[in-house]
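Shown next, in structure tokens, is the structure this report addresses.
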Amino acid sequence: MYTRHLAAALTLAVLGLAACGGGSSGGGTATPSNPIPLPTATSIVSSTPAPLSADTIGIAIPTGTLGTLIDPTYGELGGYTQTTYSQSLAFPPGTTVTLKNLSSTTSHTLNVLSTSGFPANPTLSTTASSSNVLQAGYASGAIPPGGTVSVVLSTVGTYYIGCAFHYATTPSMRDVIQVSANATPGPQATAQPSPPSGGGYGY
């Protein structure tokens, strides 16, 4: 009796192994009929903004995407970049620069505050200057979300800039443009911020 039960159990075990083997020699793993698709390169969204094209200054609220940094020469800078994140700016003289508002919801400006330092309480215009040359008193005017303005960097010097709408906010939208043959942009903000809710480049 015991032998008969043992033989039946062994037969069932052998049949079970054959079924698990997939019916092919060497066994293998069964393929599910509806596998879960893996994400493709096009379906993965990056949180890092695309770098700007050459001779472009990107403008956005620092807390939105660009971040801020403490420059050893100029102090806290934020809201302007010529790469990806906030940095001091530099171009050779004679360059025509495109100012691009990276925000999807808010207007910004680029105003020249001074050529010697950041003033405490400047009066900043939201109306464009009559000239498109970067100089003391230059104002881009309100640049709408996604909009652009061109400015010519014709005179060598250091220009302290800010946004008429957000210079007095915390953190302040302020930066420096160095115009000289050998000037190079400063390092970028190292604390790369999280992407803003709702996408886009800031507020």
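No lab work stands behind these numbers, since they all come straight from the coordinates. It should be emphasised that the depicted structure is a prediction, and the values quoted were computed from it without experimental measurement. Using ideal geometry, Cβ is built from the backbone for each residue, glycine included, and neighbour counts are taken over all protein chains shown.
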Task: Cut-off under 5 Å, modelled amide H: who pairs with residue 165 long-range - done: 109
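Indicate the gyration tensor shape class of the stretch 44-129 (rounded, prolate or oblate), computed on the Cα atoms with a ≥ b ≥ c the square roots of the eigenvalues: a/c under 1.5 is rounded; otherwise a/b larger than b/c is prolate and the rest oblate. List each step's numbers first, then the result.
Details: a/c = 1.42, a/b = 1.38, b/c = 1.03.
Here the stretch 44-129 falls in the rounded category.
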Task: Karplus-derived HN-Hα couplings along the stretch 79-88 (A = 6.51, B = -1.76, C = 1.60, θ = phi - 60°), whole Hz, x at Gly and Pro - done: x, 9, 8, 10, 10, 9, 10, 3, 6, 5
Open item on the list: Take residue 190 and residue 76, extend 7 Å from each Cα along the Cα→Cβ direction, and tell me the distance between the two endpoints in nm.
Closed with: 1.8
- [ ] Please give, to one decimal in nm, the separation of the simple spin-label points placed at residue 150 and residue 52, each 7 Å out from Cα toward the Cβ.
- [x] 1.7
- [ ] Taking the convex hull of the Cα atoms, report for the stretch 56-179 its projected area averaged over all directions, in nm².
- [x] 6.5
Task: Packing-based ranking, highest mean first, of 121-133, 97-109 given that Cβ atoms within 10 Å are counted - done: 97-109, 121-133
Task: Residues with amide H under 5 Å from that of residue 88, placed H, sequence gap 5 or more - done: 186
TODO: Round to a whole angstrom and tell me the spacing of the C-alpha centers of the stretch 127-192 and the stretch 51-122.
DONE: 5
Open item on the list: If I take every Cα pair under 8 Å that is 6 or more residues apart in the stretch 56-179, average their sequence separation and divide by the length, what percent do I get for the relative contact order?
Closed with: 31
